[in-house]
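S.K.: Please see the structure below; I have some questions.
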Amino acid sequence: MQDENLLKLVIDALEDVKGVDLKVLDVRHSTSITDIMVIVSGTSSRHVRALADNLVRESKKAGVHPIGIEGEREGEWILVDLGDVVVHVMQPSVREFYDLEKLWSVGGSDAKRAKDPTA
């Protein structure tokens, strides 16, 4: 699946379960581990799990099986690795503490937020 189609699938799956403050970071010029990082918040551990579960379910329906899923048990920060797109589903306090948006967009990094993630 192409990056744009996979990204649209990710965004739709997260929006379906009311993900909060969704951000898309294009990191293809900063790292070789992935092309795009998506960061989204859930309002509770239950909401974080629901967001990740829906994402995994929808990606499998589309024929994209996650390479890895980490953090499901705790529900504070769940990482879903879909290869070209890595998704971080986080509770707001964890997201604020780690501040991945800043980590990947400053300090010599060329990462830029996508203006229109669905384009």
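S.K.: Assigning unit charges at the beta carbon (Lys, Arg +1; Asp, Glu -1) and nothing else, what dipole magnitude in debye, to the nearest 20, does the range 3-108 show about its Cα centre?
M.R.: 220
S.K.: Something else now. Choose one answer from V64, V85, V40: the residue with the largest mean-square fluctuation in a GNM of the chain with alpha-carbon springs under 10 Å.
M.R.: V64
S.K.: Go ahead and run the numbers for FRET between D16 and E76, Cβ-Cβ distance against an R0 of 25 Å, rounding to 0.05.
M.R.: Here the calculated transfer efficiency is 0.70.
S.K.: Among DSSP beta bridges whose residues both lie in the range 3-108, state the antiparallel percentage, nearest 5.
M.R.: If I count the DSSP bridges inside the range 3-108, around 70 percent turn out antiparallel.
S.K.: Toward the positive end of the charge dipole of the chain, about the Cα centre and with charges on Cβ (Lys, Arg +1; Asp, Glu -1), which of V27, S44, V56 goes farthest?
M.R.: S44
S.K.: May I ask you to compute the full-extension gain from K8 to K102, defined as 0.36 nm times their residue separation minus their alpha-carbon distance, rounded to one decimal in nm?
M.R.: 31.5 nm
S.K.: Do you know the relative contact order of the range 3-108, to the nearest whole percent, from alpha carbon pairs under 8 angstrom that are 6+ apart?
M.R.: Relative contact order comes out at 27 percent.
Values in this text are rule-based calculations from the coordinates and carry no lab data. Nothing here was measured: the structure is a model prediction, and the numbers come from that model. Neighbour counts run over all protein chains shown; Cβ positions are idealised from the backbone, glycine included.
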